[in-house]
Amino acid sequence: MAGDVPTSRRAVLLAIFIAFGNKRFLFGYDMGVISGCLIMPDFIRRFGQEGTDGQYYLSSSRQSIIVSLLSAGGAIAQAFTSDRMGRRGSILFWSAIFTCGVAIQTGTTYSLVQLVIGRFIAGLGVGSLSAIVPLYNGETAPKAIRGTILVIYQVQIISGIFLSYLLELGSHTINNSASWRIPIGLQMVWGIILLSGMFFLPESPRHLLGTGRSDEARKVVAELNGVPEDSALVIGIVEELDFAIKAENEGGKATWLECFSTRNALWRRTINGMMLQFIQQLNGQNFYYYYGDTFFQSAGAGQVLKLPALSPYIIQTVLGAVSVAGTLPALYFIEVWGRRKSLLLGASLQAVCAIIVALVGHFTLASSGTPISMLTARNKSGGDVVIAFAVLQVFIYGTTWGPTPWVYLGESFPLRVRPKSIALGSATNWFWNFMLSFFSPRIVAQIGPMIMLVFFCMLVFGYIYVYFAIPETKGLTLEEVDEMYGSGIQPWRSVGWRPSEKHYHHEVHEKRESDSVKGA
């Protein structure tokens, strides 16, 4: 898609709707909800174990299973539906699966098995949507706003977390199952919104062309770019897409192995997408989301925040507000800084925060569970530092490593392998989210704040990896990204790279002449 692309109101509305109805919002909301449910008395009584003193409790193993089962769902599954059903049809299908999973959870009474099965089914839907939505956004968004639209993808998860914290702040005082059924059941609303709204949104023009529906594709391209169907812009875009699709499909149906082929460095692109998702999950931010209330309590958060009483729900809400505030600047900086600078700057600044939290926390904080009245001046001053840098790390993550890996994943692959390559990246994200949520309680029980040293090492590794492996894709169409990788340019020299003027125009012209000769 050569040249500057106008932005239509329909494209913006499409992005906003997908943003606040899709997987990241759903997953963010669930992440916040389930962490709050784990400390609700009625939830513990129904799904916990009775101790020797007659009191019910949730063991660390049950907490791990309940929290992590959503992440065991399938981002890979969407690869089998995105081509057969289309991007739009796949979103409809997996939204329905997610809604069914939430209904099973909400209807649970005392069965832990039913609860985790419901979370697993919901995870299948959410995991599949995690791959479909950036695929859909990357294929429908005009390049002038594609980065911003894909950043909205991260705004959703933070907005979902924050909303769940607000709801639980009000519902946790209810003395029956409504305390957890209301916030969990409200997830069905988001699923129904997405189900209903997708009937009014278009199919991906790349998918339409790939399945021979060129008239529909022209109409969608015209609507998304705010120009008539017979405009030169629409004709040029459709011709370029059509040529690229035919060239990609010459080798027959794509396989999973092809995602790692040497053609146009597909193996590098797939590995890069997977590695960015892996590093993103081990930045440390999800540790704060899942277990921050306990961590902040040992740091004396009530003293720092001037609260009359330490409440995990209030602490969660404050953290959610900071997360939202940190994500919003990314809507601007993702196009100003570009992808590489966002990742490099984010890794370096977060690494500083993580090492400070690890060392100060290890040497100054009281042990977990220490009453605030027993905190020493050293504990409190150390707590001030820990909380300040923990909050700063979450803020920086929201501006850099939160959205950027999803932007990169959504704009790095040709149509031929895009569903499978994005599925591999999303599956990597889910796998490591599962590992983090499952093992974090056990690790923290052994080493406490020094778990942040693990995240520090990962951030240092992330900086090195991005510098040597991730090229800049800002301002490039999906087809130009393909050309850039094929050119073999070194990632650290890719900033400012521009495609050859004649790349697609020359090939399209040759294709026309060839077709004319055949027709004659």
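The values are calculated or read from the model by the stated rules, or taken from the named source; none is laboratory data. What you see is a predicted model, and the numbers here were worked out from it, not measured in a lab. All Cβ positions, glycine included, derive from the backbone under ideal geometry; neighbour counts span all protein chains shown. Calculation scope for accessible area: heavy atoms of the full protein, side chains included, ligands and nucleic acids excluded. Shrake-Rupley method; radii C 1.70, N 1.55, O 1.52, S 1.80 Å.
Tabulated data for the structure shown
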item: Yes/no for D215 being open to solvent by 80 Å² or more (accessible area, probe 1.4 Å) and not hydrophobic (A, V, I, L, M, F, W, C); result: yes
item: Test result for L14, modelled with pLDDT under 65 and either more than 26 Å from T109 (Cα to Cα) or open to solvent by 10 Å² or more (accessible area, probe 1.4 Å) (or both); result: yes
item: Filter result (more than 20 Å from the chain's Cα centre (by Cα) and open to solvent by 10 Å² or more (accessible area, probe 1.4 Å)) within the range 411-430; result: L415, R416
item: One residue from M374, M452, M435 being under 29 Å from S82 (Cα atoms) and either surrounded by fewer than 18 Cβ atoms within 10 Å (Cβ to Cβ) or in the same structural domain as V481 (by the TED database) (or both); result: M435
item: Any pair with Cβ under 7 angstrom, 6 or more apart, that starts in the range 37-56 at a residue that is exposed (fewer than 11 other Cβ atoms within 10 Å of the Cβ) and ends at one that is not in a helix (DSSP H, G or I); result: E50/Y56; G51/Y57
item: Helices (runs of 4 or more DSSP H) within the range 294-339 that include 2 or more residues open to solvent by less than 30 Å² (accessible area, probe 1.4 Å) and modelled with pLDDT under 75; result: 301-304, 312-327
item: Cβ pairs under 7 Å, 6+ apart, first in the range 447-472 and on the phi > 0 side of the Ramachandran plot, second in a helix (DSSP H, G or I) and open to solvent by 40 Å² or more (accessible area, probe 1.4 Å); result: G448/H362
item: Failed item, numbered, when E203 is tested on (1) modelled with pLDDT of 80 or more; (2) closer than 19 Å to L478 by Cβ; (3) part of a helix (DSSP H, G or I); result: (3)
item: Residue that is open to solvent by less than 50 Å² (accessible area, probe 1.4 Å), at pLDDT 75 or above, not charged (D, E, K, R) and not assigned by the TED database to the domain that holds A330, where the choices are V151, V126; result: V126
item: Checking E168 against (1) open to solvent by 20 Å² or more (accessible area, probe 1.4 Å); (2) over 28 Å from V417 (Cβ atoms), the condition it does not meet; result: (1)
item: Pair list, Cβ under 6 Å, 6 or more apart: the range 227-239 residue over 16 Å from E479 (Cα atoms), other residue at pLDDT 80 or above and of a type in the set (G, A, S); result: E229/A222
item: Conditions (1) open to solvent by less than 10 Å² (accessible area, probe 1.4 Å); (2) modelled with pLDDT of 75 or more; (3) closer than 26 Å to I193 by Cβ: number failed by G28; result: (2)
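So that you can scan it fast, the table gives a plain yes or no per residue for (1) free of Cβ contacts under 8 Å to residues at least 40 places away in the same chain; (2) outside the structural domain of Q277 (by the TED database); (3) in a helix (DSSP H, G or I); (4) open to solvent by less than 30 Å² (accessible area, probe 1.4 Å):
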residue	(1), (2), (3), (4)
L343	no, no, yes, yes
L349	no, no, yes, no
A354	no, no, yes, yes
R378	yes, no, yes, no
V391	no, no, yes, no
G398	no, no, yes, yes
L409	no, no, yes, yes
